[in-house]
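Worksheet: the structure to be examined is printed underneath.
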Amino acid sequence: MGEKQKPKEKLTLKNDIYYYKEHTWVKVEVDQVRVGITDFAQDQLGEIIFIELPDVGDEFNQGDVFGQAESTKTVSALYMPISGKIISVNDELEDNPEIVNNDPYEAGWMIVIEPKDLNELNGLLNKDEYINLLSE
Amino acid sequence: MSNIIFTATGCTRCKIVKSFMNERNIPYVEKDMKSEGKEEFQNFYKANRSYIYRGPDGIEFPIITDGKNIRQGIGASIAYLHSGDKLDGFFSVGTLHKEWVDGIHISLGNPEYTKDFIEVLRYLKGNNLKLQIDTNGNNSHILQKILDEGLADVVIMNVLGPLDLYRQIFRKDFSSHEIEKSIALLPQFPEYRFETTVSPIIRKEGEQAEISYLTPEEVGEAAKLIEKVTGSKKNPYLIRLFRPEKATDERFKSIEPISPNMLFTYRTAARAYQVFTEIEKV
């Protein structure tokens, strides 16, 4: 499709979230966590045309595929950054998947989970570590 | 309902399909998925994801729909606009780019519609496209016609196996004369290649069917057949790996795949009769 990808220095990477090596992020909100994909992931996908998300109540382990994001140029699996049960899904993405392209960390969140073990957060990356991962 | 054509900005193949509709006064509405048709394409995609093919480079455009059927890619789209579903089988969505068109299958269409099939090929060729056509040997008269009219730039013949196993692999009636005739025609094309996929074969039907892969000796026999018919040991010949996950027969989906290293044994067997035998790079 010939879409240009952002140079690494132009990617938006936030300080107040954890990053998973498979390009999903986690934001802790008291006793639940919100999950989405990073700016890098949405940029690699290009214009997203469909997002398949799980149902509330589904349970996954860290590293499991919880859904799929589809653009005209590729299909990408979405990986659970930590284990837990789905307690909320961003239904808005069903009709407007491009929200993830426009605002991957806020309006483009994908799921909220009740974590099984918050200690798993210790194995995730901070912003600098994620930048290093992208540079590898 | 008139046709909708979903296009991508700058897609040459989309322009060719639109020209075809313009020339034949076929009404259509264009939706460019990058601009004004973005939302409509998203909705269409959401409703029809399972019917839309994705190649290694993403979704192939154009996609046309008349509200009942969907056709994707230049070959299948023009064939559908030309003849409805009569030419189904002859065309699938290809994976080649730029001026090359593939996904054209001589042996999988209904030979009753040869005239229409050839007309579609002429149209594609007339638009300066290069055609890569494949055959398993069936419908050799169509291959002859394509040769006579110079419609193919590359022809790939999948020699399914030795003739005595053809029926078990093809699972349809076939004539050995047809297969041999196609083999004989192949070296007359500007570029050609024989291929054999190391496929599983149902050796014995029944509740507990006996299934096993073509053996190296059987692939050797296929290579020997090519030598016998063409009178040459120097044909391009490729041995390919079967991918169970892509099998259409459910019984083959759970079969253990052959190790890519095993292909070397097959190559050795085939090189006795076709010295340029190569194996698929995995």
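Values in this text are rule-based calculations from the coordinates and carry no lab data. Please read these numbers as outputs of a predicted model, since none were measured by experiment. Cβ atoms come from the backbone with ideal geometry, glycine included; neighbour counts cover every protein chain shown.
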Counted neighbours (other Cβ, 10 Å), sorted fewest up, put A:LEU121, B:LEU87 in the order A:LEU121, B:LEU87
Here the whole-number average of other chain Cβ atoms within 10 Å per Cβ of A:45-54 is 2
Projecting the Cα atoms of A:TYR19, A:SER76, A:ASN119 onto the charge dipole of chain A, where Lys and Arg contribute +1 and Asp and Glu -1 at Cβ, the residue farthest towards the positive end is A:TYR19
Chain A: relative contact order from alpha carbon pairs under 8 Å, six or more residues apart, as a whole percent, is 28
Label model pair B:ASN43, B:LYS172: point-to-point distance (7 angstrom along the Cα→beta-carbon line) in nm is 3.9
With label points set 7 Å from each Cα along the Cα-to-Cβ direction at B:GLU36 and B:GLU112, the distance between them in nm comes to 4.2
Going residue by residue through region B:61-71, the Karplus relation 6.51 cos²θ - 1.76 cosθ + 1.60 with θ = phi - 60° gives ³J(HN,Hα) values, rounded to whole Hz and with x marking Gly or Pro, of 10, x, 10, 10, 8, 10, x, 10, 10, 10, 10
Taking every other residue with Cβ under 12 Å from the Cβ of A:SER88 and scoring Lys and Arg +1, Asp and Glu -1, one gets -4
Output for region B:59-89: trypsin sites (Lys or Arg not before Pro) sitting in coil per DSSP, at most 11 other Cβ within 10 Å, listed by number, reads B:LYS68
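Within the set B:LYS46/B:LYS253; A:LYS6/A:LYS127; A:LYS73/A:LYS127, which residue pairs have Cα atoms separated by over 19 Å?
On the way: B:LYS46/B:LYS253 27 Å; A:LYS6/A:LYS127 17 Å; A:LYS73/A:LYS127 28 Å.
Violating the 19 Å limit, Cα to Cα: B:LYS46/B:LYS253; A:LYS73/A:LYS127.
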Here, B:LYS204 and B:GLU245, labelled 7 Å along Cα→Cβ, have an inter-label distance in nm of 3.3
Total charge of the residues flanking B:HIS141 in space, meaning their Cβ is under 10 Å from its Cβ, with Lys and Arg +1 and Asp and Glu -1, is +1
